[in-house]
Amino acid sequence: MSNRIPRCEYPRPQFVRESYINLNGEWEFEFDFGNSGKARKMFADDAVYSKKIIVPFCPESELSGINYKDFMHSVWYRRKVELVKGEGRTILHFEACDYETTVWVNGVEFKKHTGGYTGFAYDITEAIKDGENTIVVNAVDLMIPGVQPRGKQSEEFYSHGCDYTRTTGIWQTVWIEQVGGTYIKNSKIKTADLSGIINCDIAVEGDINDTEIQLTAYYNGEEVGMAVADVMCNTVNLSIALNEVHLWEVGNGRLYDLKYELLKNGEVVDEAKGYFGLRTVSIKDNCMCINGKKVFQRLVLDQGFYPDGINTAPCEEALVKDIELSMACGFNGARLHQKVFEQRFLYHCDRLGYIVWGEYGNWGIDHSDSGALARFIPPWLEVIDRDFSHPAIIGWCPFNETWDWEGRRQADDVLAGIYLVTKAADNTRPCIDTSGNFHVMTDIYDVHEYESNPEKLGEMMAENDLEAGVVHEPHPKRQKYEGQPYFVSEYGGVWWAPGMENGWGYGQMPKTEDEAVDRMCAQTKAILGSKACCAYCYTQLTNVEQEQNGVYNYDRSPKFSAENYEKIRAAFAGKAAIED
């Protein structure tokens, strides 16, 4: 084990403070297969921990130093950290920990957090002391079918089909920030219109008497707008009229910088830095628009898995590389599939002008049970709250392929309820209720179509006639098109894995590399040729374990020759009929 600090970059780029203690690196670790650790007082100072783990990598991963692939129903972490108590507040942050997390600081227990994809934080001020402090974390991950959303984590011992290695416990950055007694908690930024007006909702914690927020915007280092407002009831709503308008567009992020200052009796008591993009998302003429202009979405399915880190990128450069690899093939964005991606990834999407759909790892939850609403809503609202201000996110998709659950059909009120909750939390973006099937209430009508024969796929797309209200529909008995923009949100999946046993993709594996590339190009041309289709999403960016249908290998190395990548780029970047 080394004493290096992996993933040491600041985890929250939209709201950065100078005070920051990264707790990634070596922690004590212990398995708890019987989930009896609390009864055995594993949170006590004298509890025995026999292993070491590298956080933030899950124990299933090579990078964690554990590399244990079997089920772990409960795991424990312990770490000592030097702190100065001071006069302000100390906040302990977890960017993600799967699935039920309980935390002790110096023996003081904090409220359990449920949900494996979203971050959470504790004010640990009253529990800490000057000098050495002990943090203990227990993660319980029972993988209960129907109850626990698992995304693409395999519910069987081995990875199989399109389910992969599991993730247990901490899998994103753990960190501490120390703030004053009164501080800014978070912010949401919304573009009011393209004339250069933004609206900001800012939450403040602590004593708000005689406090105000000053917000200053910059572009390329020059001040372009400022506003001040009093703090009322721990919240502030203010608008900035920018004197320079630089629109966020596909392929060009054009980000503004923001400076937050919290003043009490005229003195700055808290400050932070952030950024935003000026853009709007709308729907017109059966197409999605950015800044009022039609944009054909050339998307790729991105699962966000890595050979050595599983759900966690080994380094920040790997996050950037995935975006660059996608853009090199002619894609302008991605469906971030069955996973909530980390904030650092979204930051790079923002700055590069790379459009994405925000999703959730819903597989594993019983969507035939109306009780799923209670389990799904809290973590899903955490996702929307955290990622609201990212300009790269152009839509939300809480569910994917809600197939029958043990013979029972989906509860339509679950999908409708989540759709309505999503729209209430964010009315600035479209929402797809469930990608592929079975739609109940949706702003975009998407389908998954894995017909591997390009000619047959072209015939299917030729059925589309928006004026007549007719589109190719894989599930006509379960859902009905009602005039929304039409999106082929999964197709292709052409696999090329000569000599690999137990690998798979969609359709028969082609006999040669050239045949594989020609097939994916022809499939894409068939979809681009439909005047009804406003977007596509090709499956997928990289191979993932046994699923061998990526445009690149699992380790991100090239899968095809340079000449064939030129063909691929020309196909995916080809002009769509709807763009005429």
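The values are calculated or read from the model by the stated rules, or taken from the named source; none is laboratory data. Note that this is a predicted model, so its numbers are computed, not measured. Here the Cβ is made from the backbone with ideal geometry for all residues, glycine too, and neighbour counts use every protein chain on show. The accessibility values were calculated without ligands, DNA or RNA, using every heavy atom of the protein model including side chains. Shrake-Rupley method; radii C 1.70, N 1.55, O 1.52, S 1.80 Å.
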> For the stretch 531-580, what is the accessible area per residue in Å² when the probe is 1.4 Å?
Replying inline: 37
>> Tell me the per residue accessible area of the stretch 435-503 using a 1.4 Å probe; a whole number in Å² is fine.
In response: 46
>> Output wanted: per-residue J couplings in Hz (rounded whole) for the stretch 186-191, from phi through Karplus 6.51 cos²θ - 1.76 cosθ + 1.60, θ = phi - 60°, x for Gly and Pro.
In response: 6, 8, 10, 10, 10, 6
> Excluding W496 itself, what net charge comes from residues whose Cβ is under 14 Å from its Cβ, given Lys and Arg +1 and Asp and Glu -1?
Replying inline: -1
> Counting Lys and Arg as +1 and Asp and Glu as -1, each charge on the Cβ, what is the dipole of the chain about the Cα centre in debye, to the nearest 20?
Replying inline: 140
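Run the dipole for the stretch 460-549 about the Cα centre, Lys and Arg Cβ at +1, Asp and Glu Cβ at -1, nothing else charged, and hand back the magnitude in debye, nearest 20.
Rounded to the nearest 20 debye, it is 260 debye.
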> Among V136, V147, what's the order by accessible area (1.4 angstrom probe), most exposed first?
Replying inline: V147, V136
>> What is the percent carbon and sulfur in the accessible area of the chain, measuring with a 1.4 Å probe over the protein chains and ignoring ligands?
In response: 49
>> Need the C-alpha centroid separation for the stretch 541-574 versus the stretch 70-139, integer Å.
In response: 41
> If you count the DSSP beta bridges with both ends in the chain, what percent of them are antiparallel, to the nearest 5?
Replying inline: 75
>> Please list, ordered by chain and number, the residues whose modelled amide H lies under 5 Å from the amide H of I393; skip anything fewer than 5 residues away on the same chain.
In response: V356
> So, in Å, what gap is there between the alpha-carbon centers of the stretch 21-69 and the stretch 355-426?
Replying inline: 31
> Per 5 Å bin, what is the whole-percent P(r) computed from every C-alpha pair distance within the stretch 239-314?
Replying inline: 3, 11, 12, 13, 12, 14, 13, 10, 7, 3, 1
> Taking a quarter of the surface of the convex hull around the Cα atoms of the stretch 495-566, what do you get in nm²?
Replying inline: 5.3
> Taking only DSSP H segments of four or more residues, each worth -39500 (n - 2.57), what value at 222 nm results for the chain once the sum is divided by all its residues, to the nearest 500 deg cm²/dmol?
Replying inline: -5000 deg cm²/dmol
> Based only on the alpha carbon positions, what is the Kirkwood hydrodynamic radius of the stretch 455-580, in angstrom?
Replying inline: 15.6
> Using the heavy atoms of the protein chains alone and a 1.4 angstrom probe, what is the accessible area of the stretch 1-59 per residue in square angstrom?
Replying inline: 47
> Net charge near N209, counting Lys/Arg +1 and Asp/Glu -1 over other residues with Cβ under 13 Å of its Cβ?
Replying inline: -3
> So for the stretch 72-119, what percent of the C-alpha to C-alpha distances run longer than 12 Å?
Replying inline: 72
> Which of the GluC sites (Glu not before Pro) found in the stretch 123-190 are loop residues per DSSP with 13 or fewer other Cβ atoms within 10 Å of their Cβ?
Replying inline: E156
>> Just to be sure I understand: if I project the alpha-carbon convex hull of the chain onto a plane and average over all orientations, what area do I get in nm²?
In response: 26.8
> Whole-Hz Karplus ³J(HN,Hα) for the stretch 138-155, in order, using 6.51 cos²θ - 1.76 cosθ + 1.60 and θ = phi - 60°, x for Gly and Pro?
Replying inline: 10, 10, 9, 9, 7, 6, 6, x, x, 9, 9, x, 10, x, 9, 6, 5, 8
>> Rounded to whole Å, give me the distance from the Cα center of the stretch 256-319 to that of the stretch 436-455.
In response: 27
>> Can you tell me what share of the DSSP beta bridges in the stretch 323-456 is antiparallel? A percent to the nearest 5 is fine.
In response: 10
> So for the chain, taking the charge dipole from beta-carbon charges (+1 Lys/Arg, -1 Asp/Glu), which of C533, N543, V470 sits furthest toward the positive end?
Replying inline: N543
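What is the local net charge at A139, summed over the other residues whose Cβ is closer than 13 Å to its Cβ (Lys, Arg +1; Asp, Glu -1)?
-2
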> Per-residue accessible area for R409 at 1.4 Å probe radius, Å² rounded to 10?
Replying inline: 150
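Determine Rg/Rh for the stretch 1-104; Rg is computed over alpha-carbon atoms and Rh is the Kirkwood hydrodynamic estimate from the same atoms.
0.97
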